[in-house]
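These notes are about the structure you will find just below.
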Amino acid sequence: MKGLVIFCLVAVLVSVNCGSGDDLMKHFKLKYVEAYLQQRQALDQVGSRLEQICPGSKTKLETAFDEMKTCADKIDETAETSCSILKNKAPKCIEPVMKVLKDCMPQQSKEVPQFMLNSLLKGVDYICKTDGEHIFELGNVCLHRQNPMTLTCKRKLTMRLQTYHRNGLGVNDICSLMKYMRPCLKTHFSYSCGSAVTQEAVLGLYDAFLSNCVATENEIAENEKTSGTNLLEDFSY
């Protein structure tokens, strides 16, 4: 079961480690992702990048990773389903790594690692609740088929990412990017996959990730409302 927790972590590491449009496009390639699931490779690459920003962080990341594995080893895989473990136990085990990542992020990007983890958990929740037919369609080879929209979507993504890369990437930027790319991806998948079920499956997963943006926006609005109320109370004295 440790493998499930490590997979969850690696997915976040891949997202955090994408520094440009070219990097991200490589990660979207199936074979690259499969190779990237070698946990130490992911750890070394992210650790080296963090070391450039925060000297000493690579050692901290390795220590946090070992803590995560120790936590994962204690999970009783016979007592719960894989879905339950990923949703209820994995976040706790990954906390030490999330702290190291957050501490090394630029101010505007400090919430990105946790946001990516929360988005991943939204995706896990979608997969756990959907029917078997849609789950199988997420592995349909047509999803990787090139079509006239493929290059268009790649260009849009690369151009937008280059802008963010220059100015720093925050949670709001990620949400804006995901919303911006959805229509293009929808058209791309409609060309590649003729089955409505396949299109529903992949867009359903995408929308599950996107739903974390709505939750985050609501949380920010609530915090701003609370801050505003507290400020008014301060002036009332």
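FYI, it's all coordinate maths here, none of it is from the lab. Computed from a predicted structure; not experimentally measured. Methodologically, a virtual Cβ is constructed for each residue, glycine included, from the backbone with ideal geometry; neighbour enumeration extends over all protein chains shown.
Extension gain, Glu95 to Lys129: 0.36 nm times the residue separation minus the Cα-Cα distance gives 9.7 nm.
Taking other C-beta atoms within 10 Å as the exposure proxy, Leu161, Leu138, Leu177, Leu117 rank Leu138, Leu177, Leu161, Leu117 from fewest upward. Extension gain for the segment Leu203 to Glu80, taken as residue separation times 0.36 nm less the Cα-Cα distance, is 41.4 nm to one decimal.
Can you tell me the order of 198-210, 81-93 when each peptide is scored by its average per-residue count of other Cβ atoms within 10 angstrom, highest first?
Result, highest mean Cβ count within 10 Å first: 198-210, 81-93.
Work out how much length Ala196 to Glu51 would gain on full extension: take 0.36 nm times their residue separation and subtract the Cα-Cα distance, in nm to one decimal.
Full-extension gain reported as 47.6 nm.
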